[in-house]
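In what follows, a single structure is set out as structure tokens and then discussed.
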Amino acid sequence: MIFAMDSLVEWLLFLVVFLSISISSSSAGRIGIPRGAAVLKKHHLPLKRAFSGDLHTYFYTQTLDHFNYKPESYATFQQRYVINYKYWGGGAVSAPIFVCLGAEQALETDLQTIGFLDDNAARFNALILYIEHRYYGESVPFGSREEAFRNAYRMGYLNSAQALADYAEIIADIKNNLQASHSPVIVIGASYGGMLASWFRLKYPHLALGALASSAPVLYFDNITPSDAFYSIITKSFRVLIRNERELLPNYTKIMVCNRFICFSTLGSFCPQLQIQNLLVCPLNSASELKKELESIYVEASQFNQPAYLVNRVCAAIDETQTDDILFKIFAAVVAFNGNNRCYINPPTPESQTVTGWKWQTCSEMVIPIGVGENTMFQPNPFDLNTFINDCIRTYSVAPRPHWITSYYGGNDFNFILQKFGSNIIFSNGLRDPFSAGGVLEHISKSIRAVTTTYGSHCLDLLPKSDNDPEWLTKQRNIELRIIKGWLVTYYADLKAFQKG
């Protein structure tokens, strides 16, 4: 593998849908697939968004299974949502409702990291609504996380279609309770949540006037996007910092450290295992554990590069370390990325709810075939569907459905079909984000728009505004707001004409 890093500064409360889509497995297969949604990482970004006193938390009694009529389908669970009424003009004037569709994480993450709604609700007199995704945070069926994830029978209710139906029920219920039947709804989501937002607009157009889908790789299914496109973008992003290309040497762990090429045949040859253990404080069972961690740092730095410039910071740490010892240079890079910790590689931490849930989702329907091709800086590791399926069966006794997403939501001939069928969707992407390879990068119609930025990273447009935002990011957000305003102007004109009769 190749290791080259950006700087780490205050970014990423955002981390995630797609560094978790990948559970590495034995050979060429992987149960996971990189995630891309937002996951809180304290060392990336100090918490600057305190929870507002304007936030009100509620629980909705949600149906377990929306699509069957078996007795067990009518079981219920409590689904959490949060409302901010501060800016809302009210149902009497049909003021809009901005809805953040939760993804594979607890609701707190969206409240802390998704600033787009709070930053812009006042100008639209909009109600703000955050809905937590089933099986995450406090919205867990069967009474507890342990019971909900006990087996595939119970995890089978964790899927995107059920989640969208949850959102539909809650939105309809809130509009009814607030006497806001004509208040237009704009759904907004990041990464997997962005996919949900675009799919919600397509599946529930009577409930959502429009959708903002940020960094949503809706075309990274069913081989629509080349499997190696993800790692190709990472390679392109870092090639300017790396002079030496990796050699293709079989049975070697290859690590590229900025402008230096390093390779280990095993942990015990060029560097004793004990030395690595002492250096990183955690026990390592194989070279692959170190390699996997370094690769994840490299991917995260590329995916979430802005606004912290993660690659530059880590490379600087390597270059400024006053030693010729390769391990200490690597260690300096890891510290620069992760901050000061007692344990950097393979830490003894329990598996998070997000990781547990996302593993299941990628082993059932969210099969994003990300692999490493021959023309990247990483060791080739192509995605092998048969291996992936076997790994999932071994883990859950259930085979994935790799073609279900495109069957249910579409994907093949996406532009041709949606220009006649769909409307009012913004697909936003930063082209430095490796998941942009599976995003919609060109306008589909006058109302399905692609908003891209050359230097943008994953879901950057949804982060809270900052005085340090580059001009191109401010411009991107303004374009999105202008499009949303256009949807609302048209809607209110149509509503007025409809009410006149």
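Annotation: residue 383 carries an accessible surface of approximately 40 Å², with a 1.4 Å probe and no ligand, DNA or RNA atoms counted. Sum up the charges of everything whose Cβ sits under 14 Å from the Cβ of residue 429, counting Lys and Arg as +1 and Asp and Glu as -1, but leave residue 429 out. It works out to a net charge of -1. Stretched out straight at 0.36 nm per residue, the stretch from residue 467 to residue 86 would grow longer than its current Cα-Cα span by 134.8 nm.
Note: segment 430-501, Cα convex hull, 110 Å³ per residue. When the gyration tensor of segment 411-472 is built from Cα positions, what are the square roots of 5 times its three eigenvalues, in whole Å, from largest to smallest? Taking √(5λ) for each Cα gyration eigenvalue gives 25, 13, 8 Å.
Applying a DSSP loop filter and a limit of 12 other Cβ atoms within 10 Å to the trypsin sites (Lys or Arg not before Pro) in segment 341-443 leaves 342.
Would you mind telling me the share, in percent, of accessible area of segment 418-463 contributed by carbon and sulfur at probe 1.4 angstrom? Here carbon and sulfur together make up 46 percent of the probe-accessible area.
Based on the Kirkwood approach, the hydrodynamic radius assigned to segment 100-180 is 14.2 Å, with every pair of different Cα atoms included. Within the shell defined by Cβ-Cβ distances under 11 Å, the residues around residue 480 carry a net charge of +4, with Lys and Arg each +1 and Asp and Glu each -1.
In this simple spin-label approximation, residue 123 and residue 75 carry label points 7 Å from Cα along the Cα→Cβ vector, and these lie 4.6 nm apart. Here the Debye sum runs over all C-alpha atoms of segment 360-501 as equal scatterers in vacuum, and log10 of I(q)/I(0) at q = 0.15, 0.18, 0.19 Å⁻¹ comes out as -0.99, -1.16, -1.19.
The values are calculated or read from the model by the stated rules, or taken from the named source; none is laboratory data. Remember, it's a predicted structure, so these values are computed and weren't measured experimentally. Here Cβ is always computed from backbone atoms with ideal geometry, including for glycine, and neighbour counts include all displayed protein chains. When the accessible area is computed, the model is the full protein with side chains, heavy atoms only, and any ligands, DNA or RNA have been set aside. Shrake-Rupley method; radii C 1.70, N 1.55, O 1.52, S 1.80 Å.
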